[in-house]
Amino acid sequence: MTSLWLDARGPDKDSAVATSPDEFTPGNSYDSVVVGAGITGLVTALMLARTGSNVLVLEARHIGAVNTGNTTAKLSLLQGTSLSALRNQYPVDVVRAYVDANRAGQKWLLEYFEGRGVPFQYRDAYTFATTPAGADRLRAEAFVARAAGLNVKSTRETGLPFDVDDALRLAKQAQFNPMDVLDALSEDVRAAGGSIVEGVRVMNVRNGDPLTVVTRKGEVTARNVVLATGTPILNRGLYFAKLRPNRSYAAALRLPDGMSPPPGMYLSAEPPTRSLRDYPVPDGGSLLLVGGFGHAGGRAPSMQAHVDEMLAWAERYYPGAEVTHTWSAQDYQATNLMPFFGRYPRGRGKILFGTGYNKWGMTNGVAAALDVVSDITGSGQLPWARTIHRRTTGPRGAASAISFNLETQRQNFGDKAALKEKPPITEETSPAEGTGVTGLFHGKPAAVCTVDGVVCRVSAECAHLGGILHWNDAEKSWDCPLHGSRYSAAGKLLEGPATHNLFKLQ
Ligand SMILES: Cc1cc2nc3c(=O)[nH]c(=O)nc-3n(C[C@H](O)[C@H](O)[C@H](O)COP(=O)(O)OP(=O)(O)OC[C@H]3O[C@@H](n4cnc5c(N)ncnc54)[C@H](O)[C@@H]3O)c2cc1C
């Protein structure tokens, strides 16, 4: 599946990276190497390049490949029921600091859009409830949001094509096409003297002065390194054990004549998550984007069933709409709900990172960049960052981390036991087109699938920590249910904390 945003870039973005204007030169030295060309990485790189730093961005795949090119790109401080969830774990000053961080991220991007002429639209943001339980959650959210400084209003007038039990509105938030901003950022990084190299995967960062950045194509050195890779690729710090990968879905719909998208940006308060916004197409007209219907990464019996459920829901309210694109992506939720950013453990203050935005990375990713850059340039810690860095994880956050890791272990044991009960994989195993199976092949965990008539047999063990992979029937990929690493049908690493491809089994 390819997102509306990435589809405009041509059919195979991963193969097209050879056209990237900058070259990777092993042995070179930089002030900063930024790993990952999503919103976090490119905003960080631009801010650093503008201070006169010699910056290199290394991107394993292509710009926007993972989350940012597959987001729904609402730039909003009203974020579902996130604030009341945070308030259940933290004092109000920490929740306020979270809002201030997001406000700073939103402000930076809006100013950038205005200054750079990147198209965007102001929209009112709504969180809506369609059940009494959801309405209760909204009351709690309204209380915390107001205490944290947001002027949210309760309303039942939403412009949605269905009744709601209640809704919160925050006026004048924004939305955009995420590839428009990544394009502008990339151009500006290069104009400020930085380089962006696509198709180079970072495998490790070795401590030292300078740091050594190890890639599949050689090594470079840097005075500091920013990991803007979504989930961090270095296992030190054990962030993979503190980040839940949550996968969700999106679709773009062309509505029949006489129907138009609702006027705001929307998110439901209760599951299944339902998200809506419009997209004014540059050459005229408007598409409706719907999304949500998510699950823990790699852990749904059928990912396609989630796509089908989303489309059936959209068809109910927008009958006759033509589906132009469907896509999916996963973002990471910190077990203690607060995004992680700043100094990476055991990096001597020279390795920095940002992750755990819980599907609000358009604001949080920029906030992370602001913090990381203020640390690198020594320009003084931002007040909201100081409060967030000094927070302590309370009992609920600790319990959530324990339960996530117990679930993960249970999943791992269950998957390994189940593998032995499955029919063995042989040289003749050839699943139906678009399907994949796992089993033992000469005693080793194997994953076999058929995509576009090609049968591929690879190790079924994730290259990160050996979790047994599950077939993703929507994306035609192998997904790890432990920490979210994903691979193509042929075993090429797509995303996640892993740094290696899968072994091919001959
Ligand atoms: C369906 C969906 C809808 C969303 N909607 C919204 C929304 O409306 N508003 C909002 O604020 N947020 C939203 N989010 C969240 C938001 O998209 C993310 O939080 C944000 O894009 C994360 O940006 P990032 O730069 O940290 O990561 P990414 O965009 O994932 O970038 C990380 C980059 O690092 C690269 N990389 C990884 N490993 C390596 C390596 N070893 N070497 C080199 N490069 C590497 C990857 O290829 C990737 O390009 C949504 C998320 C999803 C899943």
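The values are calculated or read from the model by the stated rules, or taken from the named source; none is laboratory data. Remember, predicted model here, so these are calculated numbers, not experimental data. So basically every Cβ, Gly included, is an ideal-geometry build from the backbone, and we count neighbours across all protein chains shown. Ligands, DNA and RNA are stripped out before the accessible areas are found, and what is left, the full protein with its side chains, is counted by its heavy atoms. Shrake-Rupley method; radii C 1.70, N 1.55, O 1.52, S 1.80 Å.
From the P(r) of segment 402-495, can you give the percent of Cα pairs sitting at distances over 22 Å?
Details: 1013 of 4371 pairs.
For segment 402-495, the fraction of Cα-Cα distances above 22 Å is 23 percent.
Straight-line cross-link partners of LYS107 among the lysines, defined as a Cα under 17 Å from its Cα and at least 8 positions apart when in the same chain: LYS74, LYS172. Dividing the helix sum by the residues of the chain, where each DSSP H run of 4 or more adds -39500 (n - 2.57), gives a mean residue ellipticity at 222 nm of -9000 deg cm²/dmol. FRET efficiency for the ARG206 to THR51 pair, using the beta carbon distance and R₀ = 25 Å, is estimated at 0.50. So what's the gap between the Cα centers of segment 40-66 and segment 181-243, to the nearest angstrom? The distance from the Cα centre of segment 40-66 to that of segment 181-243 comes to 8 Å. Expressed in Å, the radius of gyration and Dmax of the Cα atoms of the chain are 22.2, 64.
Using the Kyte-Doolittle scale, which helices in the chain average at least 0.0 and also have C-alpha atoms spread 18 Å or more along the helix axis, with helices defined as whole DSSP H runs? List each step's numbers first, then the result.
Working: long enough: 92-116 (35 Å, -0.40); 132-147 (23 Å, -0.06); 178-191 (20 Å, 0.04); 303-317 (22 Å, -0.45); 361-377 (23 Å, 0.86); 395-421 (39 Å, -0.71).
Helices meeting the criterion: 178-191, 361-377.
In the context of the full protein assembly, TYR279 retains an accessible surface of approximately 20 Å², using a probe radius of 1.4 Å and ignoring ligands and nucleic acids.
Using r as the Cβ-Cβ distance of SER374 and LEU406, and R0 as 30 Å, what FRET efficiency do you calculate, to the nearest 0.05? Walk me through the numbers before you get to the answer.
Details: r = 37 Å, r/R0 = 1.24.
Approximately 0.20, to the nearest 0.05.
For the set ILE376, ILE233, the ranking by accessible area, highest first and with no ligand, DNA or RNA atoms included, is ILE376, ILE233 under a 1.4 Å probe. Rounded to the nearest 20, the Cβ-based charge dipole of segment 1-134 about its Cα centre (Lys and Arg +1, Asp and Glu -1) stands at 440 debye. Taking every C-alpha pair closer than 8 Å and separated by at least 6 residues, the mean separation divided by the residue count of the chain gives a relative contact order of 17 percent. When peptides 437-448, 327-338 are ranked by their average number of other Cβ atoms within 10 Å per residue, the highest-first order is 327-338, 437-448. Each other residue within a Cβ distance under 14 Å of LEU160 adds +1 if Lys or Arg and -1 if Asp or Glu, for a net charge of 0. Name the residue farthest towards the positive end of the dipole of the chain from the options ALA367, TYR112, LEU406, assuming +1 on Cβ of Lys and Arg, -1 on Cβ of Asp and Glu, about the Cα centre. The residue sitting farthest along the positive end of the dipole is LEU406. Largest accessible area first, the listed residues SER488, SER186 line up as SER488, SER186 when surface is computed with a 1.4 Å probe on the assembled protein chains. Taking θ as phi - 60° and the Karplus parameters 6.51, -1.76 and 1.60, the scalar couplings of segment 331-338 work out to 10, 10, 10, 5, 4, 9, 6, 8 Hz in sequence order, x denoting glycine and proline. Cross-link pairs exceeding 21 Å between alpha carbons, from the set LYS217/LYS444; LYS13/LYS350; LYS217/LYS476; LYS242/LYS359: LYS217/LYS444; LYS13/LYS350; LYS217/LYS476. Computed from the Cα positions only, the extents of segment 1-131 along the three principal axes stand at 54, 35, 31 Å, in decreasing order. Within the set of other residues whose C-beta is less than 12 Å from the C-beta of PRO445, count the net charge using Lys and Arg as +1 and Asp and Glu as -1. That sum, taken over residues with Cβ under 12 Å, equals +3.
The accessible surface of the chain, taken with every protein chain in place and a 1.4 Å probe, is 51 percent carbon and sulfur.
Taking R0 as 56 Å, what's the FRET efficiency between GLU157 and GLU427 from their Cβ-Cβ distance, rounded to 0.05?
Numbers: r = 63 Å, r/R0 = 1.13.
E(calc), rounded to 0.05, equals 0.30.
In segment 220-297, a dipole from Cβ-located charges (positive for Lys and Arg, negative for Asp and Glu) runs towards its positive end, and of TYR239, GLY258, LEU276 it is TYR239 whose Cα lies farthest in that direction. The residues of the chain expose, per residue, 40 Å² of accessible area to a 1.4 Å probe. Taken along its principal axes, the alpha carbon cloud of segment 164-284 reaches lengths of 61, 38, 26 Å, longest axis first.
Of the whole protein surface, LYS350 contributes about 90 Å² of accessible area at a 1.4 Å probe radius.
Considering only alpha-carbon pairs that sit under 8 angstrom and 6 or more positions apart, the relative contact order computed for segment 402-495 is 20 percent. For the chain, the cysteines with no partner cysteine C-beta closer than 4.7 Å are CYS449, CYS456. Its Cα centre serving as origin, the chain has a Cβ charge dipole (Lys and Arg +1, Asp and Glu -1) of approximately 1860 debye.
May I ask you to rank LEU238, LEU482 by accessible area, largest first, using a 1.4 Å probe over the protein chains only? Mind showing how you got there, number by number?
Working: LEU238 95, LEU482 10 Å².
Descending accessible area places them as LEU238, LEU482.
Between amide H atoms placed 1.01 Å from N, distances below 5 Å from THR273 occur with PHE293, GLY294, all of them 5 or more places distant or on a separate chain.
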